[in-house]
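Worksheet: one structure, shown below.
Rule-based calculations on the coordinates, nothing more; no lab input. Remember, predicted model here, so these are calculated numbers, not experimental data. FYI the Cβ positions are ideal-geometry reconstructions off the backbone, even for glycines, and counts take in every protein chain you see.
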Amino acid sequence: MTIAEYNLAVNEYADRLFRFVLKNIRNESTAEDIIQDTFEKLWLKYENVSYAKVRSYLFTTAYHTLIDHTRKFKKEVITEELITSETMETQDLFDLKKNLDVAFQQLPEIQRSVILLRDYEGYSYQEIGEITNLSESQVKVYIYRGRIALRKLIGSPEVFI
């Protein structure tokens with residue numbers, strides 16, 4: 001990859017990567033740090049990464065950096081009491097985005113990541129498997145279980161209509 005292609009990759013994928021990481025950790029400054037680390041790692045290896053594979057490389061690196069960060073700071077995080085589906089039903093029913101975000105954050109990290117890659121970023125099951133080091137069938141199972149969990153946490157979608 002050339003320096004011009006590296007700059008093109010930054011322009012093309014920085015926002016997507018940021019959204020992906022932010023949806024997982026919900027902290028803008030930490031998400032920015034992870035994205036910066038990801039692009040730094042690409043810069044250090046830009047000669048060995050072809051431009052055709054840069055998208056996959058960036059998302060894989062961002063995913064692994066996110067996992068490393070989560071593991072590193074897991075002990076420092078004070079866990080808050082999870083909001084149950086009963087309390088979500090008593091909240092303002094018209095605040096669908098807020099309810100979705102709360103429910104989404106209650107998913108296990110792997111389910112949240114594969115759903116984001118599939119539904120928000122449009123990756124195929126095979127590409128998600130390459131990014132997360134999972135088999136294609138494992139990816140499908142995590143997506144299915146995550147969607148089922150979201151349905152249970154949110155309740156009936158008709159409530160919001």
At 7 Å along the Cα-to-beta-carbon direction for both ALA14 and VAL141, put a label point, then send me their distance in nm to one decimal. 4.0
Using 23 Å as the Cα-Cα cut-off, could you pick out the over-long pairs in LYS23/LYS72; LYS72/LYS152; LYS45/LYS140; LYS23/LYS152? LYS72/LYS152; LYS45/LYS140
Rounded to 0.05, the calculated FRET efficiency for the beta carbons of LYS152 and TYR120 at R₀ = 22 Å is 0.60
Cα-based Rg and Dmax for region 1-77, where Dmax is the largest Cα-Cα distance (Å): 12.6, 41
